[in-house]
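Contents: one structure, followed by commentary.
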């Protein structure tokens, strides 16, 4: 996997950004830019070729395109949506406490966090904050989040017990729209319920049920950030019992109401080409 090493002694420099939405068929144009480009997938598949490497950027993916390297679409996409950010950053030749390692491509294990940081950045730019450093520090926060997620996934795959826990977490995440229970998770992985609870809590610091709920709320947050989805549909989407229960649990976990979360960062630059 190609990796990038940035020196964040000073923040990365934000150039521009937006929220791209295509309607129907679309193919990324051929470009060579002087800045880095960060793409965060929201919906659909964006097929992007960087030099000789083909990437498929879907929801939950982040791709960083280096400067002065040609990139283009290698096949047509349909109804695709993604956040994009152009930026410059200081490259560090040696790994140090002030540098971060970023993969060119990563599938995020907490996509709503990336989306939220990205939407906040677009809001800050459009809101014209008085301190122009705000966009640079917000962009650096996104890069740090990607670096942290990459470090977490790389570290946990090298360990035995935590690796199994990671597999359980991922299985719960991709099945979060289903009415999951502790018993179903334990049965799928051939664990005794009590033993699963014990090792899961030991390795993660929270319960299986907490993780199930968190994954369901990830789906809700992504929908709130990217779509105008009614609360009734959100409730049905994650198999919650009723709307009031969803509102109560969301506020308990996130510290804000559904409407406040959705409206917190509403100034966003959209583009279609």
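Details
- Residue that is surrounded by the fewest Cβ atoms within 10 Å (Cβ to Cβ), among those in the stretch 185-206 that are without any contact (Cβ under 8 Å) to a residue 12 or more places away in the chain and closer than 23 Å to residue 253 by Cα: 205
- Check on residue 265, in contact (Cβ under 8 Å) with a residue 40 or more places away in the chain, in a helix (DSSP H, G or I) and either assigned by TED's automatic domain parsing to the domain that holds residue 16 or in contact with a helix residue (DSSP H, G or I) (Cβ under 6 Å, 6 or more places away or on another chain) (or both): no
- Index of the failed condition, residue 194 passing every other in (1) assigned to a helix (DSSP H, G or I); (2) at pLDDT 90 or above; (3) over 22 Å from residue 100 (Cβ atoms); (4) in contact with a helix residue (DSSP H, G or I) (Cβ under 7 Å, 6 or more places away or on another chain): (4)
- Residue match in the stretch 109-128 (condition: outside any helix (DSSP H, G or I), in contact (Cβ under 8 Å) with a residue 24 or more places away in the chain and assigned by TED's automatic domain parsing to the domain that holds residue 28): yes
- From the list 64, 100, the lone residue that is buried (at least 20 other Cβ atoms within 10 Å of the Cβ) and in contact with a helix residue (DSSP H, G or I) (Cβ under 7 Å, 6 or more places away or on another chain) is 100.
- Neighbours by Cβ (under 9 Å, 6+ apart or cross-chain): first from the stretch 26-46, on the phi > 0 side of the Ramachandran plot and at pLDDT below 95; second part of a loop (DSSP other than H, G, I, E, B) and surrounded by 18 or more Cβ atoms within 10 Å (Cβ to Cβ): 44/22; 44/59; 44/80
- Residue in the stretch 115-138 that is modelled with the highest pLDDT, counting only those that are surrounded by fewer than 17 Cβ atoms within 10 Å (Cβ to Cβ) and over 22 Å from residue 10 (Cβ atoms): 126
- Residues satisfying the stated conditions in the stretch 236-260, i.e. touching a residue at least 24 places away in the same chain (Cβ under 8 Å) and not in a helix (DSSP H, G or I): 238, 239, 240
The values are calculated or read from the model by the stated rules, or taken from the named source; none is laboratory data. Values in this document were obtained by computation on a predicted structure and should not be read as measured data. When we count neighbours, we look across all protein chains shown, and the Cβ atoms used for this are built from the backbone with ideal geometry, even at glycine.
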